[in-house]
Amino acid sequence: MGLINLSYLNDLADNDQDFIHEILTIFKTHTPAELEKLEAARQTADLQTIKAIAHKLKSSAANLGMSETQALFIRIETAVKSQKPYPQISDMISLVIDQCRQAIREVEEKLNA
C-alpha cells in the first residue's frame, strides 16, 4: 500500500477525474521545490522556514489522504513551536522528506497510468 490514499482523494473530489488529475499535478509540480527549501532550512536550522513549509505541505499531504505524513508535519510544527531539541526536529524532517519523495513517485505512476 502506498502513501497516497486514492479512495480519500476520490471522495474529496467526488470522483471528478479532472479535479483529481489537477490535485496530483499540482503536488508533483510544486512539492519538489518545497522539499528542497525544507532540506536547506533543515541544514541551517532555520526554524521559522521549517515551520512555514511544514504548515504548507501539511495541507498538500491532507489533500492526498496521506494521514501519516500529515501527522508528521503537525509534529514538526509542534516541535518547532515548543522548542524541542533540534536533532529530533531534524530527524522528523528527514523522514517526512523521504515520505514526500515516495509520494511524488506514486503520483507520477498514477499520472502516467
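The values are calculated or read from the model by the stated rules, or taken from the named source; none is laboratory data. For clarity, every value in this text was computed on a predicted model and none was experimentally measured. All Cβ positions, even for glycine, are placed from backbone atoms using ideal geometry, and neighbour counts span all protein chains on display. The accessibility values were calculated without ligands, DNA or RNA, using every heavy atom of the protein model including side chains. Shrake-Rupley method; radii C 1.70, N 1.55, O 1.52, S 1.80 Å.
A few notes on this one:
- By the helix-only formula, in which each DSSP H run with n ≥ 4 contributes -39500 (n - 2.57) and the sum is divided by residues, the chain has a 222 nm mean residue ellipticity of -28500 deg cm²/dmol.
- Top of 73, 19, 27 by mean-square fluctuation, Gaussian network on the chain, Cα under 10 Å: 19
- Taking the Cα centre of the chain as reference, the dipole from Cβ charges on Lys and Arg (+1) and Asp and Glu (-1) amounts to some 560 debye.
- Computed on the chain, with alpha-carbon pairs under 8 angstrom and 6+ residues apart, the relative contact order is 38 percent.
- Extension gain, residue 6 to residue 25: 0.36 nm times the residue separation minus the Cα-Cα distance gives 5.4 nm.
- Per residue solvent-accessible surface (Å²) - the chain, probe of 1.4 Å: 58
- Where Cα atoms sit under 13 Å apart: lysine pairs in the chain separated by 8 or more or lying on different chains: 5
- Surface share of carbon and sulfur [accessible, 1.4 angstrom probe, percent] for the chain: 49
- For the range 87-95, Karplus couplings with θ = phi - 60° (6.51, -1.76, 1.60), whole Hz, Gly/Pro x: x, 5, 5, 4, 4, 5, 5, 4, 5
- Other residues within the sphere of radius under 15 Å centred on the Cβ of residue 28, judged by their own Cβ, net out at -3 (K and R +1, D and E -1).
- GNM on the chain, alpha-carbon springs under 10 angstrom: the most fluctuating residue among 28, 84, 51 is 84.
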